[in-house]
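What follows is one structure encoded as structure tokens, with my remarks underneath.
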Ligand SMILES: CC(C)(COP(=O)(O)OP(=O)(O)OC[C@H]1O[C@@H](n2cnc3c(N)ncnc32)[C@H](O)[C@@H]1OP(=O)(O)O)[C@@H](O)C(=O)NCCC(=O)NCCS
């Protein structure tokens, strides 16, 4: 019987994470984004899902700021999320998102932003309505937010520099 477990990513996971990202997205853009975020120290939380000791899923949250009236409120950006294609639809993506949210809340984070498919992220509480007033180059229906506490509802979203090359969720 297979056993799925979730744990914090370690430096030894880099190659396995790169492969999961490449397989899930069918391109290298997201794997490159992950490396850039890790190299620049902008990662807030990075988890992997393992099946029988093999990394089959990965999620990363990076630091993002909401700038308003000269004040920078720290938030987190979910990107990317990837599951090895042969494991799609088995609950790994959802388990990674939920575990990450628990840990982020526990560590005092109040706001998460994602640019992704509303039909998928809506099930975790993300809503475009919560993000609609943010000033962002990526403002659209796919821009969604989830707040766990007092957090700004407007202001400019400032992503980690690695995103200026690309933005993927
Ligand atoms: C998106 C992804 C991470 C989901 O992982 P997963 O482990 O298959 O997800 P889960 O098993 O937890 O959930 C499966 C559910 O999500 C739905 N789903 C998956 N991708 C979806 C998408 N792009 N849009 C809408 N729903 C989606 C499935 O239809 C399924 O729905 P159901 O529960 O009603 O049957 C995975 O499909 C993946 O790696 N995709 C390629 C990379 C990607 O697109 N990442 C996210 C960018 S928005």
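Values in this text are rule-based calculations from the coordinates and carry no lab data. A quick note: this is a predicted structure, and the numbers were derived from the prediction, not measured. Cβ atoms come from the backbone with ideal geometry, glycine included; neighbour counts cover every protein chain shown.
Under 14 Å from a label point set 7 Å out along the Cα-to-Cβ vector of residue 73, the amide N atoms of segment 101-145 belong to 109-113, 130-135, 145.
Full extension of the chain segment joining residue 133 with residue 5 gains 42.4 nm, where the gain is 0.36 nm per residue of separation less the Cα-Cα distance.
Taken along the Cα-to-beta-carbon direction at a fixed 7 Å, the label points for residue 86 and residue 15 span 1.8 nm.
A protection proxy built from the mean count of other Cβ atoms within 10 Å ranks the segments 84-90, 5-11, most packed first, as 84-90, 5-11. Every Cα-Cα pair of segment 24-72 was included, and the share exceeding 12 Å stands at 72 percent.
The alpha carbon convex hull volume per residue for segment 4-164 rounds to 110 Å³. Averaged over residues, the count of other Cβ atoms within 10 Å places the peptides 115-122, 74-81 in the sequence 74-81, 115-122, highest first. Quick one: angle between helix 29-39 and the longest Cα principal axis of the chain, in degrees between 0 and 90, rounded to 10, please. That helix lies at roughly 80 degrees to the long axis. Here segment 10-29 is scanned for amide nitrogen atoms under 18 Å from the site 7 Å beyond the Cα of residue 99 along Cα-to-Cβ, giving 10-21.
Between 0 and 90 degrees, the angle of helix 92-106 with respect to the longest Cα principal axis of the chain falls at about 50 degrees. Take every Cα pair under 8 Å whose residues are at least 6 apart in sequence, average their separation, divide by the length of the chain, and the relative contact order is 22 percent.
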